[in-house]
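The block underneath contains the structure these notes are about, expressed in structure tokens.
The values are calculated or read from the model by the stated rules, or taken from the named source; none is laboratory data. Just so it is clear, the structure is predicted and the values come from calculations on it, not from any experiment. Here Cβ is always computed from backbone atoms with ideal geometry, including for glycine, and neighbour counts include all displayed protein chains.
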Amino acid sequence: MVLPFIVLSLWGATLASLTCLQQTDLKSLIAYSSISHIGLVIAAISIQTQWGLAGAIAIIVAHGFTSSALFCLANTTYERTQTRILILTRGFHNILPMTTT
């Protein structure tokens, strides 16, 4: 009964991850990675074990910290370069090395 939810959530996480590989816009990349994380959380909760719930909580907490930090860095990058397209920010690590670390 729970197996279709697990399969669909993992399929959605996989498709969102594959969509991330095609993104050139920085905010779209972060948004699709968030969708992938939510798919993993749904799969972990659907397992209905203590380890699954603990893993889902760990993913949610880590996602909250990392996604907010990534959106903050994306905004900083946009303010410096006036673009969110990743191809146009090539060589950015030479200009602002502290931002890229």
Among the listed residues Leu53, Leu29, Leu73, identify the single one that is out of contact with any Leu (no Cβ under 8 Å at 6 or more places or on another chain), farther than 24 Å from Val2 by Cα and either modelled with pLDDT of 95 or more or of a type in the set (A, V, I, L, M, F, W, C) (or both). Leu73
Filter region 35-50 down to the residues that are among the hydroxyl-bearing types (Ser, Thr, Tyr) and in contact with a Leu (Cβ under 9 Å, 6 or more places away or on another chain), then identify the one that is surrounded by the fewest Cβ atoms within 10 Å (Cβ to Cβ). Ser46
Selection over region 16-34 where residues are crowded, with 19+ Cβ neighbours inside 10 Å and touching a strand residue (DSSP E or B) at 6+ places or on another chain (Cβ under 9 Å) yields a count of 1
Hey, any hits in region 32-55 for a residue that's in contact with a Phe, Trp or Tyr (Cβ under 6 Å, 6 or more places away or on another chain) and assigned to a helix (DSSP H, G or I)? yes
Can you tell me which of (1) assigned to a helix (DSSP H, G or I); (2) of a type outside the set (Val, Ile, Thr); (3) at pLDDT below 95 is the one Met1 doesn't meet? (1)
Considering region 70-101 alone, what residues qualify as being more than 17 Å from Thr24 (Cα to Cα), over 20 Å from the mean Cα position of the chain (by Cα) and polar (S, T, N, Q)? Asn94
Those residues that are assigned to a helix (DSSP H, G or I), in contact (Cβ under 8 Å) with a residue 12 or more places away in the chain and out of contact with any helix residue (DSSP H, G or I) (no Cβ under 7 Å at 6 or more places or on another chain), I need them from region 76-94; list them, please. Tyr78, Arg80, Ile87
For Trp11, all conditions in the list (1) under 18 Å from the mean Cα position of the chain (by Cα); (2) surrounded by 14 or more Cβ atoms within 10 Å (Cβ to Cβ) hold save one; what is the number of the exception? (2)
